[in-house]
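*Asks:* Take a look at the following structure, please.
The values are calculated or read from the model by the stated rules, or taken from the named source; none is laboratory data. Note that the structure is a prediction, hence the values are computed from the model and not measured. As a convention, Cβ positions derive from the backbone with ideal geometry for all residues, glycine included, and neighbour counts pool all protein chains shown. Quick note on the areas: whole protein, heavy atoms, side chains included, nothing else; ligands and nucleic acids left out. Shrake-Rupley method; radii C 1.70, N 1.55, O 1.52, S 1.80 Å.
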Amino acid sequence: MGIPRGRRRLAMAVAALLATVAVAVIVHRVLAPAEVSTVARAEYPPAAQPAAGVVGRLPVAPLIVDGRLRVYAAHRQVYADRPVDGRHRTTPYWSYRRWPAALTGVVASGSTVVSRWSDGQLVALDAPTGRVLWKADGPEPAESEAVVRRTGAVTVWDPRGLHLTDLPDGRTVVVVSGDAEARGVEVSGGQRLWRVDLPGSCRSDVGTTAAGELIGLDRCAGPATVEFRDAATGAVRERWRPPGGSGELVVTPLGCRTGRSDCPALRTGGPGDAAGRGWLVGAGQPVAAPGLDPAGATVVGDQAVVVLDGVAVGRSARTGAELWRSAGLGAARVLAAQPGRVHLLTEANDLVTLDPVTGRRLSRFSLNVGRDGTGWVPGAVGVGGGYLAVERLRRPVDPAADDRRYYLTAEAVILAAT
């Protein structure tokens, strides 16, 4: 005996409804905004003290945090591994993932890791545990011309629109900006200190000073002007142009603690001007620093360091007076600097580390690991805690090439203790 037509239709309708509900549940689980926090299950590792030399090679760029962890950026994830001097990347110590937002920047202050996401949200993580410390809303990031390649170096070593700076009262502020808005957030608890409107893409961030200011370059009306904004209040303290400057202006931060954060100096010039002029920045207007005028010079503390004709020269940044010389380098250039160290790279890809105060050589070794060789060109560089990491690019460098052709190997980042 068959099923009556009415009941058959009702059963089909119920089945269709259940199928629709099941699909809706699956779609919601897959597409709904979500975050996954996997906290550490082991004790916080101690700070390592490796001998000077190559530590290992990695497929992604590490941000050295607290001298104990390496923090990495993926498209929708920030994660850490240990030990800090491990030869290869290891299983994540902790991980934090969001969806559908994308990770756009990571900075670290002490044991606090602050991540920025494409929807504007800031998420602070505790480095020892990976637990979320606080969340704060911020402006959506401005569109950037920087290419984010597979190492994630731009995200962890030079995040655009995300900077740290220390205030005179000891607080640390993370300054986050987009095209139309900037905000200052206290790192210790996520409290928003200020919010200001910005004029748009005609203004861009340069970095932050070591004196608690956000540096911007304003091209919106009239000649390009450098602005210094108080990171405690958001108010503009100074608007400045270098004397005798042209209508065009290129501003480069120098000696920054990491990325473009906590920078004690600037170099200004015009388009195509390889040298320009150096300036120390602090309270009030920038002060001329002749020691930073030469192209390739950097600053560590009060010392400017530059390589001239194969000789590293240390000078007073403020006066330009020569303090020391270190010869025997051959063709070399300043690669990076960090407190107590200035790193130079020779033509043969030897890494030479000098004491910026005395010029004394702290270490020299070949940046080679395994059978990779030294026939590569340096790309992005990150420093911190006495470590240096550098991308290795294939010769000749083709900026338009895909990642397989652009990088020397799959593990393109070499990590060294200096």
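*Asks:* At q = 0.14, 0.29, 0.30 Å⁻¹, what is the base-10 log of I(q)/I(0) for segment 253-314 according to the Debye formula with one equal point scatterer per Cα and no solvent? Please give it to two decimals.
*Replies:* Evaluating at q = 0.14, 0.29, 0.30 Å⁻¹ gives log10 I(q)/I(0) of -0.38, -1.29, -1.32.
*Asks:* Moving on to the next point. Could you please report the charge total around Gly138, scoring K, R as +1 and D, E as -1 over all other residues with beta-carbon less than 12 angstrom from its beta-carbon?
*Replies:* Around Gly138, the charge tally is +1.
*Asks:* For segment 191-335, what's the radius of gyration and Dmax over Cα atoms, in angstrom?
*Replies:* For segment 191-335, the Cα-based Rg and Dmax read 16.2, 52 Å.
*Asks:* Right, another one. Please compute the contact order of segment 115-185 in relative form: average sequence separation of alpha-carbon pairs under 8 Å and at least six residues apart, divided by the residue count, as a percent.
*Replies:* Normalised by residue count, the contact order of segment 115-185 is 24 percent.
*Asks:* Quote to one decimal, in nm, the extra length available between Gln285 and Glu145 on full extension: 0.36 nm per residue of separation minus the C-alpha distance between them.
*Replies:* 47.4 nm
*Asks:* Could you tell me the relative contact order of the chain? Use alpha-carbon pairs under 8 Å, at least six residues apart, and round to a whole percent.
*Replies:* 11 percent
*Asks:* Specify which residue in the list Gly255, Phe228, Pro243 is farthest towards the positive end of the charge dipole of segment 218-260, using unit charges on the beta carbon of Lys, Arg (+1) and Asp, Glu (-1), about the Cα centre.
*Replies:* Comparing the listed Cα positions along the dipole, Gly255 ranks first.
*Asks:* Please compute the contact order of segment 35-139 in relative form: average sequence separation of alpha-carbon pairs under 8 Å and at least six residues apart, divided by the residue count, as a percent.
*Replies:* Answer for segment 35-139 is 25 percent.
*Asks:* Could you pull the Cα extents of segment 130-220 along its three principal axes, largest to smallest, in whole Å?
*Replies:* For segment 130-220, the Cα extents along the three principal axes come out at 34, 33, 24 Å.
*Asks:* Something else: Give the calculated FRET efficiency between Ala42 and Val132 to the nearest 0.05, with a Förster radius of 22 Å applied to their Cβ-Cβ distance.
*Replies:* That pair, Ala42 with Val132, gives E of 0.75.
*Asks:* Between Ala52 and Ala401, take the C-beta separation as r, use R0 = 56 Å, and let me know the FRET efficiency to the nearest 0.05.
*Replies:* 0.95
*Asks:* Now a separate question. Kindly sort Ile64, Ile414 by accessible area of their heavy atoms, largest first, with the probe set to 1.4 Å.
*Replies:* Ranking Ile64, Ile414 by accessible area, largest first, yields Ile64, Ile414.
*Asks:* Net charge around Pro159, counting only other residues with Cβ within less than 9 Å of its Cβ (Lys, Arg = +1; Asp, Glu = -1)?
*Replies:* Local net charge: +2.
*Asks:* Do any trypsin sites (Lys or Arg not before Pro) in segment 310-396 lie in a loop, going by DSSP, with at most 12 other beta-carbon atoms within 10 Å of their beta carbon, and if so which?
*Replies:* Qualifying residues, ordered by number: Arg360, Arg371.
*Asks:* Viscosity 1.306 mPa s, temperature 10 °C: what is the translational diffusion coefficient of segment 69-194 from Stokes-Einstein with a Kirkwood Rh over Cα pairs, rounded to a whole number of µm²/s?
*Replies:* For these conditions, the coefficient is 108 µm²/s.
*Asks:* Restrict the search to segment 73-118; then list the trypsin sites (Lys or Arg not before Pro) that DSSP places in a loop and that have at most 14 other Cβ atoms within 10 Å of their Cβ.
*Replies:* Arg87
*Asks:* Further, regarding this structure: Kindly provide log₁₀ I(q)/I(0) values, in the same order as q = 0.08, 0.09, 0.10 Å⁻¹, from the Debye equation applied to equal alpha-carbon scatterers of the chain.
*Replies:* Once normalised to I(0) and log-transformed, intensities are -0.47, -0.59, -0.71.
*Asks:* Which three lengths, in whole Å and largest first, does segment 279-371 cover when its Cα atoms are put on their principal axes?
*Replies:* Taking max minus min along each principal axis of the Cα atoms, segment 279-371 gives 52, 23, 21 Å.
*Asks:* What residues qualify as long-range amide H neighbours of Gln338, i.e. H under 5 Å apart, gap of 5 or more or another chain, H built at 1.01 Å from N?
*Replies:* Residues meeting the criterion, in which the H sits 1.01 Å from N, are His343.
*Asks:* In addition: Kindly sort His163, His88 by accessible area of their heavy atoms, largest first, with the probe set to 1.4 Å.
*Replies:* His88, His163
*Asks:* Kindly express, to the nearest 10 degrees and within the range 0 to 90, the angle between helix 5-31's C-alpha long axis and the longest C-alpha principal axis of the chain.
*Replies:* 10 degrees
*Asks:* Cβ under 14 Å from Tyr96's Cβ, Tyr96 left aside: what net charge do those residues give with Lys, Arg +1 and Asp, Glu -1?
*Replies:* My count for the surroundings of Tyr96 gives +3.
*Asks:* So what's the back-of-envelope 222 nm ellipticity for the chain, counting only DSSP H runs of four-plus at -39500 (n - 2.57) apiece and dividing by all residues, rounded to 500?
*Replies:* Result for the chain: -2500 deg cm²/dmol, rounded to the nearest 500.
*Asks:* How much length, in nm to one decimal, is gained on full extension between Val357 and Arg325, taken as 0.36 nm per residue of separation minus their Cα-Cα distance?
*Replies:* 10.4 nm
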